[in-house]
Amino acid sequence: MNQSELLRNFGDDEDIRPEVKSLISSLPSYTDVEGKKLCNYQGCWYYYKNLQAVLDYQKNFKPLDTDIIVTSYPKSGTTWLKALTVALLQRSEDGLQNHPLTSDSPHGLVPFLEMKLYLKSSTPDLTNLSSSPRLFSTHMPLHTLREPLKDSPCKIVYVCRNVKDVIVSLWHFRSRIENKEAERSKLESIVESFCKGVNNYGPFWDNVLSYWKGSLEDPDHVLFMRYEDLKEEPYDQVIRLAEFLGCPFTQEEIHSGSVEKILDLCSLDNLRNLDINKSGIAWNKLHHSIFFRKGEVDDWKNHLTTEMADKIDMIIHEKFQGSGLRI
Ligand code: PAP
């Protein structure tokens, strides 16, 4: 199966267990313009295979107190946040030479719960993960993620991004998977599905708000970050992330340029040019290079019409009203 077949295959019924099929038949469902089927579980839309993995995660995951979970809505800066988290936790006195990020992709080092571990197996073996503490990632909303975490003190870091840049990033990502030019008609249908809120892991606003509210209620365990802040003030944001993760920089590290080294290691250009990310292919046949494109704030201005942007802004404004969230 190649990259594009993999994406198409997500909405089909194959390999879905009877009890999950039965649950799905009781849930709201939707078939998108590409014919992929989605259903709504706990307020979030999933392709069937992801939903099965989410259910297995909720049933079988046993948290450790030290676990760290990197979370996001897709295309919001997941790869960058994973790289920064690994770089912060695995910094050593001999600098960043032979760093794990030079031999595996951020997605290989911080595996997705429902898009890798529980997709491959309902009871994955989590004893031989490469990192300590264990690092995981997900796109599920917070209430769904938290179900098996109960009172676990594990740390959750969320990155959010301007929805218009998320849309444009997703459009390019899908086109690259299909090895095609980015077609306007595809962009229009992505905008439409975002506005309706019926798309994989959507509605976007509910995903963001679940973590925003969680971060306000429980700031010791949920950190809310913004892609735009990371771009604008990377130094301060990395210090903030390190403090939250319980691995703050020492004065010595600050003076020796450790923060800058981590930012350089995790910069888009550096990661993109590492052999592993240039030519590596993940377990699911996705090329690592596909996760690195422009990495710019406001790239949407080059692609969305004023009409599209106004419509999205109006919806987001209405949904986020009263939440205190600026985006
Ligand atoms: P995912 O949710 O599928 O894992 P994710 O990493 O969130 O994808 O999104 C990819 C975006 O992050 C791309 O944005 P663009 O399409 O607007 O360019 C990608 O370029 C950007 N990105 C990846 N790595 C970095 C990085 N190190 N620094 C900044 N942006 C990055």
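The values are calculated or read from the model by the stated rules, or taken from the named source; none is laboratory data. Remember, it's a predicted structure, so these values are computed and weren't measured experimentally. Here Cβ is always computed from backbone atoms with ideal geometry, including for glycine, and neighbour counts include all displayed protein chains.
Candidates in the range 255-267 are the residues that are more than 14 Å from the ligand (Cβ to nearest atom) and without any contact (Cβ under 8 Å) to a residue 40 or more places away in the chain; of these, the one that is surrounded by the fewest Cβ atoms within 10 Å (Cβ to Cβ) is H255. Scanning the range 145-187 for residues that are more than 10 Å from the ligand (Cβ to nearest atom), small (G, A, S) and either part of a loop (DSSP other than H, G, I, E, B) or at pLDDT 95 or above (or both) yields S152, A182.
Tallying residues that are crowded, with 17+ Cβ neighbours inside 10 Å and either of a type outside the set (A, V, I, L, M) or more than 16 Å from the ligand (Cβ to nearest atom) (or both) within the range 240-251 yields 4.
Taking the criterion of being of a type outside the set (D, E) and under 22 Å from S169 (Cα atoms), the residues of the range 213-235 that qualify are F224, M225, R226, Y227, L230, K231, P234.
Only one of the listed residues (K261, K285) is in a loop (DSSP other than H, G, I, E, B) and farther than 16 Å from R161 by Cβ. That residue is K285.
Here V157, V168, V191, V198 are screened, and the one residue that is crowded, with 21+ Cβ neighbours inside 10 Å and under 20 Å from G35 (Cα atoms) is V191.
Out of curiosity, is S131 crowded, with 16+ Cβ neighbours inside 10 Å and among the hydroxyl-bearing types (S, T, Y)? Spelling it out, S131 is indeed crowded, with 16+ Cβ neighbours inside 10 Å and among the hydroxyl-bearing types (S, T, Y).
Scanning the range 312-327 for residues that are part of a helix (DSSP H, G or I) and within 16 Å of the ligand (Cβ to nearest atom) yields one hit, I312. Condition check: among the small types (G, A, S) and within 27 Å of W300 (Cβ to Cβ). Does S130 satisfy that? No.
Rundown of residues vs (1) of a type in the set (V, I, T); (2) part of a helix (DSSP H, G or I); (3) closer than 21 Å to V86 by Cα, yes/no style:
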{"position": "K213", "(1), (2), (3)": "no, yes, no"}
{"position": "D220", "(1), (2), (3)": "no, no, yes"}
{"position": "F224", "(1), (2), (3)": "no, no, yes"}
{"position": "V238", "(1), (2), (3)": "yes, yes, yes"}
{"position": "E253", "(1), (2), (3)": "no, yes, yes"}
{"position": "I290", "(1), (2), (3)": "yes, yes, yes"}
{"position": "D310", "(1), (2), (3)": "no, yes, no"}
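Of P133, P100, P124, P111, all but one fail to be in contact (Cβ under 8 Å) with a residue 12 or more places away in the chain, more than 30 Å from T305 (Cβ to Cβ) and away from the ligand (no atom under 16 Å from the Cβ); the exception is P133. If we scan the range 268-281, do we find a residue that is assigned to a loop (DSSP other than H, G, I, E, B) and away from the ligand (no atom under 15 Å from the Cβ)? Checked against the condition, which is being assigned to a loop (DSSP other than H, G, I, E, B) and away from the ligand (no atom under 15 Å from the Cβ), the range 268-281 yields no hits at all.
Rundown of residues vs (1) modelled with pLDDT under 95; (2) out of contact with any strand residue (DSSP E or B) (no Cβ under 6 Å at 6 or more places or on another chain); (3) assigned to a loop (DSSP other than H, G, I, E, B), yes/no style:
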{"site": "L38", "(1), (2), (3)": "no, no, no"}
{"site": "L55", "(1), (2), (3)": "no, yes, no"}
{"site": "Q58", "(1), (2), (3)": "no, yes, no"}
{"site": "P63", "(1), (2), (3)": "no, yes, yes"}
{"site": "L101", "(1), (2), (3)": "yes, yes, no"}
{"site": "S122", "(1), (2), (3)": "no, yes, yes"}
{"site": "T127", "(1), (2), (3)": "yes, yes, yes"}
{"site": "S132", "(1), (2), (3)": "yes, yes, yes"}
{"site": "F136", "(1), (2), (3)": "no, no, no"}
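Answer with yes or no whether K261 is more than 30 Å from S175 (Cβ to Cβ) and of a type in the set (K, R). Yes; evaluated as a whole, the condition is true for this residue. When the range 239-276 is filtered for residues that are over 19 Å from the mean Cα position of the chain (by Cα) and aromatic (F, W, Y), only F249 remains. Scanning the range 293-311 for residues that are surrounded by 18 or more Cβ atoms within 10 Å (Cβ to Cβ) and near the ligand (Cβ under 6 Å from one of its atoms) gives a single hit, G295. Residues that are more than 16 Å from the ligand (Cβ to nearest atom), touching a residue at least 12 places away in the same chain (Cβ under 8 Å) and part of a loop (DSSP other than H, G, I, E, B) within the range 81-97 comprise Q90, R91, listed in sequence order. Applying the selection to the range 198-211, what residues are in contact with a Phe, Trp or Tyr (Cβ under 7 Å, 6 or more places away or on another chain) and assigned to a loop (DSSP other than H, G, I, E, B)? Passing the criteria: V198, N199, N200, Y201, G202. Among the conditions (1) closer than 24 Å to I167 by Cα; (2) touching an Asp or Glu at 6+ places or on another chain (Cβ under 8 Å), the only one that E34 does not satisfy is (2).
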